[in-house]
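Chemist: Please read through the structure below; I'll follow up with questions.
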Amino acid sequence: MTSVQASLSAAGSAALKTRTPLLWLNPDRAQVLAQGEDSDFAAAQARFARAGALLGALFPELNGTDAPIESPLLPVPRLQESMGLPGGSGKLFVKADHLLPIAGSIKARGGFHEVLAHAEALAITAGVAEPGVDLSVLSSPKARALFSSRTIAVGSTGNLGLSIGVLAAALGFRAVVHMSSDAKSWKKDELRRRGAVVVEHAGDYAQAVAAGRAQSRDDANSYFVDDENSLLLLAGYAAAARPLAAQLAAAGRTPSAKQPLFVYLPCGVGGAPGGIALGLARLFGSNVHCFFAEPVASPCMLLRMATDPGQDVSVYDWGLDNRTVADGLAVPRASALVASRIANVLSGVFTVTDEQLFSGLLRAWECERLEIEPSAAAGFPGPHWIVSSEVGRRYIEAFSLEAQLENATHLLWTTGGSLLPQESRRRLREEARLMEAPLKRHG
Ligand SMILES: Cc1ncc(COP(=O)(O)O)c(C=O)c1O
C-alpha cells in the first residue's frame, strides 16, 4: 500500500476501496494566470488547420469536404432539467466529441495530431514536403511511397487505436494496434476493415501499451505512439481549447471571474482530459475549473494525484479490479507525465459507478437524442457533485464562487460513441433501462 497524503481523508480512502463514489479535491490547485497559447498547443492547432483538405481527400465519408477535427457545443436544457439541479446552479452544455469526424472519439484529437506530426516530419526530412505547408502533400505518390516502408504502432483500450490505426493506414503506413482485453470487438473489426493490423492481448491496457512499446523498440522503421508519455498527443488534445473558446463566446458564455466554467472530463490514462485542462487553463486561468471523472474500479489519476508521487501507484494496489463498462477508462496506472503537468491546474476527480454510466447514457439519449458510449457519460454526475455535495460546496467556498454560481457554465464532455454499431447502442440502452426499472419502482 502506498502512503497517503492528507489530501485523501480516511473516509476518502475507505470510499475508494469500497467502490463508493467520491469527489476528491486537489489541494495543490493554485490561482492560475491566463498566459495565452502555449507554442506547442498553437502549433497543433495550426497543424489541424493545414490538414483539413488532406483528411477530406483521404476519407470518403467526408464527401470531399475539408473536415476540421471539431465538434459542436450543445445547449442541453432537457438533460439539465432531468438532472434536477437546484435553481441558480448555472447552465448545462455538452461538448460533443462523440461526434468528432472519422474516429468518433476525443482520442482523435491527440491521435490524429501525432500521426500528422510524424508523417509531416518524415516527409520534410525526405524532401517531400516543406515546413508549414498545406498537408495535402502527405497524400502525394512520393509521400505514400515513403510511408509504405514504415510502421506506426500504438497500445490502446480501443479509441486511441482506432484514431491512430485509421489515419496511419489511410496515409499508407503499416498500422499496428495492440489492443487490451477490454477493447470492444467492433473497434477491432473496424480497424481491420480499414487496413490496420490488430494484435489482441489477454492483459489490460498497461500490458498492451508495454507490448507495443517493446515490439516497436526492436524495429528501426517503427514509430510508437506512447499514450502514457506523449507531448504530441497532449498538444493535440490541448488544441481543443481555442475553438471551444470561440464557441463559448458565440453562446455568450466566455469564462470570467463572474461567469466561471466547470468542465467534467472522463479520464483514462489522463492525456485527453489533461491536455484539454492545460489548454483551457492557458486561455482562462483560474476561471475554468476542470474535474476529471473515473470509474470506481479504475480511479488511477485520483490515486496518482492523491498519493506519494514517487510511488507508481496502480488501482490493483488498492484492491480494485479495473473492470468497468467504460472500456476507454479501464486504465490501472495514470500517466506520470500528465499528472506532473496538471498538478496546479486540476480542480478534482470524482468516481462513478457503472450504474451511473448507464443512467447517463440513457438520459443523453432520452433527453437530447445523443448516442454516446458508456465512457462518455462519466462526467454526468459532475454538476451535482459541485452544487449539491458538501465537498463541492467546500470547493465553491474555497474559491469564493458562491455569488457566481448562478452564472456558471457546466460543460459535460461527451468523449465517444458515434461509431458504435446500431446493435451495440440498442443493447446498451436496453441494459440501462433494465437497471433503472427497479429504481423507478421504488420511487
Ligand atoms: C471514450 C473515451 N473517453 C475518454 C477517454 C480518456 O482519455 P485518456 O485515456 O487520454 O484519459 C478515452 C480513452 O480511451 C475514451 O476512449
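A short reminder: the numbers here are calculations on the coordinates, not readings from a lab. Since the structure is predicted, the reported quantities are computational estimates derived from the model, not experimental observations. Neighbour counts run over all protein chains shown; Cβ positions are idealised from the backbone, glycine included.
Chemist: Less than 14 Å Cβ to Cβ from Asp189, Lys/Arg counted +1 and Asp/Glu -1: what total charge do the surrounding residues give?
Modeler: +3
Chemist: OK, next. Report the local net charge at Asp66: Lys and Arg +1, Asp and Glu -1, summed over other residues whose C-beta lies under 15 Å from its C-beta.
Modeler: Result for the neighbourhood of Asp66: -1.
Chemist: Can you list the lysines whose alpha carbon is less than 28 Å from that of Lys258, not counting same-chain residues fewer than 8 positions off?
Modeler: Lys91, Lys95
Chemist: Quick one: 3J(HN,Hα) in Hz for the range 42-56, Karplus 6.51/-1.76/1.60 with θ = phi - 60°, rounded, Gly and Pro as x.
Modeler: 5, 5, 5, 4, 5, 5, 4, 4, 7, 9, x, 5, 4, 5, x
Chemist: Can I ask one more? Separation between the Ala57 and Glu355 pseudo-spin-labels, each 7 Å from Cα along Cα→Cβ, expressed in nm?
Modeler: Output for this residue pair reads 5.4 nm.
Chemist: Going by how many other beta carbons lie within 10 Å of each one, how would you line up Lys184, Lys95, Lys17, fewest first?
Modeler: Ascending number of Cβ neighbours within 10 Å: Lys17, Lys184, Lys95.
Chemist: Using helices alone, what [θ] at 222 nm do you get for the chain, with -39,500 (n - 2.57) per DSSP H run of 4 or more residues, divided over all residues and rounded to the nearest 500?
Modeler: -13000 deg cm²/dmol
Chemist: OK, next. Would you work out which of Cys267, Gly285, Met305 lies farthest towards the positive end of the dipole of the range 256-321? Charges go on Cβ: Lys and Arg +1, Asp and Glu -1.
Modeler: Most positive-ward Cα: Gly285.
Chemist: Which peptide among 105-111, 232-238 comes first, and what is the full order, when sorted by highest mean count of other Cβ atoms within 10 Å?
Modeler: 105-111, 232-238
Chemist: Separate question: So what is the relative contact order for the chain, in percent, with contacts set as C-alpha pairs under 8 Å and at least six apart? Display every interim value, and only then the final one.
Modeler: Working: 932 pairs, mean separation 100.1, N = 443.
Taking the mean separation of contacting Cα pairs over the length of the chain, I get 23 percent.
Chemist: Treating only the Cβ atoms of Lys and Arg (+1) and Asp and Glu (-1) as charged, compute the dipole magnitude of the chain about its Cα centre; round to the nearest 20 debye.
Modeler: Values: 41 positive and 43 negative charges, 106 e Å.
Computed about the Cα centre, the dipole is about 500 debye.
Chemist: Still on this structure, I have one more. Any aspartates and glutamates with Cα under 18 Å of the Lys187 Cα? List them, leaving off those in the same chain fewer than 8 positions away.
Modeler: Output for Lys187: Glu61, Asp97, Glu200, Asp204, Asp227, Asp327, Glu371, Glu373, Glu423.
Chemist: Most exposed first by the Cβ proxy, i.e. fewest other Cβ within 10 Å, how do Trp385, Trp186 rank?
Modeler: Listing Trp385, Trp186 from fewest to most nearby Cβ atoms yields Trp186, Trp385.
Chemist: Sequence gap at least 6, Cα distance under 8 Å: using those rules, report the relative contact order of the range 107-230 to the nearest whole percent.
Modeler: This gives 25 percent for the range 107-230.
Chemist: Peptides 144-151, 408-415: what's the order by average Cβ count within 10 Å, highest mean first?
Modeler: Descending packing order for the listed peptides: 408-415, 144-151.
Chemist: Mind jotting down the distance between the C-alpha centroids of the range 319-358 and the range 400-437, whole Å?
Modeler: What the calculation gives is 17 Å, centre to centre.
Chemist: Which of the lysines could a cross-linker span from Lys188 if the Cα-Cα distance has to be under 23 Å and same-chain partners fewer than 8 positions apart are dropped?
Modeler: Qualifying lysines at Cα under 23 Å: Lys107.
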